[in-house]
Amino acid sequence: MSFQSEETELKNTKWIGKEVYSFDVIDSTNKKAKELAEKGCGSGSLITARAQNAGVGRRGRSWTSEKDTGIYMSLVLRPEMDTERVSMLTLVAALSTAKALEQFLKDKNHIPHIKWPNDIVINGKKICGILTELSLKDSDIDFVIVGIGINVTNSSFPEDIQNTASSILLECGVEIENKLLITEIWKAFEVYYDRFLQTQDFTDLKQEYESYLINKGKCVKVLDPKGEYQGIARGINQKGELLVETETGFLEVSSGEVSVRGIYGYV
Ligand code: BTN
């Protein structure tokens, strides 16, 4: 059973969330965003839910989405850019989420970090994941969905993610009001997205992104389907790829097929 409310417009943003579709329980906000985008909803439309019963994660995984313990939301964008640049939007979303969270947590001495490309971690535990999906029309971008899931007040997690996942409440002892955090994330996104669009790459955002990058200067294991290797993460390039220094030189790692871990675990 789903309930749709129309009274949740974001008040302090310029163009994101002027149309908000809020649901009580749905399968996945990304899926609903796709349906609405296919019916023609505008860029900046936001879909939120109090719970998801089929939340989707990256690489075909599911996303635990219990009622009222987290934020589950998806943004519809209709950018005019080459398709190969879309993967960078997920880094823009991660930067926006880290920046917004920092405002709520800095007094508590907790710093949110980004695990490349787009997980948000606190105390080495994942508290947020981002799934960006692209839909094409005649080989041009029709729309992009940026889905963000944040563990806000969860007190426990399924066994398979117990060691890597956590919530803001568990890590920081702070209960942030969902609406405030949602607004700050999209306010930040509006600013970073504008800056990103100037060059359609990370020229201007690289330094700020790297200031949150937990992998920077650390030894990482790159899980490439063509063969696993290790190196030291040095930062990102203008395309948002991770620069990894290996024994044979620098490699540019793009997020498509590859995932990156710390050598002893998740980060
Ligand atoms: C990841 O695997 O790290 C990405 C998780 C993305 C989860 C969010 S929750 C809101 C939106 N709806 C979904 O079904 N998935 C994304």
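The values are calculated or read from the model by the stated rules, or taken from the named source; none is laboratory data. All of these numbers come straight from a predicted model, not from anything done at the bench. Quick reminder, even Gly has a Cβ in these numbers, built from the backbone with ideal geometry, and neighbours come from all protein chains shown. Surface accessibility is based on the protein's heavy atoms, side chains included, excluding ligands, DNA and RNA. Shrake-Rupley method; radii C 1.70, N 1.55, O 1.52, S 1.80 Å.
Of the residues making up segment 142-157, not a single one is open to solvent by less than 10 Å² (accessible area, probe 1.4 Å), small (Gly, Ala, Ser) and away from the ligand (no atom under 15 Å from the Cβ).
In segment 53-69, the residue that is nearest to Gln162 (Cα to Cα) out of those that are of a type outside the set (Ser, Thr, Tyr), near the ligand (Cβ under 8 Å from one of its atoms) and touching a residue at least 60 places away in the same chain (Cβ under 8 Å) is Trp63. Scanning segment 99-138 for residues that are open to solvent by 50 Å² or more (accessible area, probe 1.4 Å), without any contact (Cβ under 8 Å) to a residue 40 or more places away in the chain and under 26 Å from Met81 (Cβ atoms) yields Lys137, Asp138.
Using the structure shown, decide if Gly265 is open to solvent by less than 70 Å² (accessible area, probe 1.4 Å) and either free of Cβ contacts under 8 Å to residues at least 40 places away in the same chain or under 25 Å from Glu133 (Cα atoms) (or both). Taking the combined requirement at face value, the residue does not satisfy it. Per the listing Ser166, Ser135, the residue uniquely under 29 Å from Ala51 (Cα atoms) and touching a Phe, Trp or Tyr at 6+ places or on another chain (Cβ under 6 Å) is Ser135. Quick check: is even one residue across segment 21-32 more than 13 Å from the ligand (Cβ to nearest atom) and of a type in the set (A, V, I, L, M, F, W, C)? No, segment 21-32 contains no residue that is more than 13 Å from the ligand (Cβ to nearest atom) and of a type in the set (A, V, I, L, M, F, W, C). Would you confirm, using the coordinates I've provided, whether Val76 is open to solvent by 60 Å² or more (accessible area, probe 1.4 Å), modelled with pLDDT of 95 or more, touching a helix residue (DSSP H, G or I) at 6+ places or on another chain (Cβ under 8 Å) and within 14 Å of the ligand (Cβ to nearest atom)? When the stated conditions are applied, Val76 does not pass them. Among the residues making up segment 217-262, those that are open to solvent by less than 70 Å² (accessible area, probe 1.4 Å) and of a type in the set (Val, Ile, Thr) are Val220, Val222, Ile232, Ile236, Val244, Thr246, Val253, Val258, Val260. Of the listed requirements (1) farther than 17 Å from Thr132 by Cα; (2) open to solvent by less than 40 Å² (accessible area, probe 1.4 Å), Asp68 misses just one: (2).
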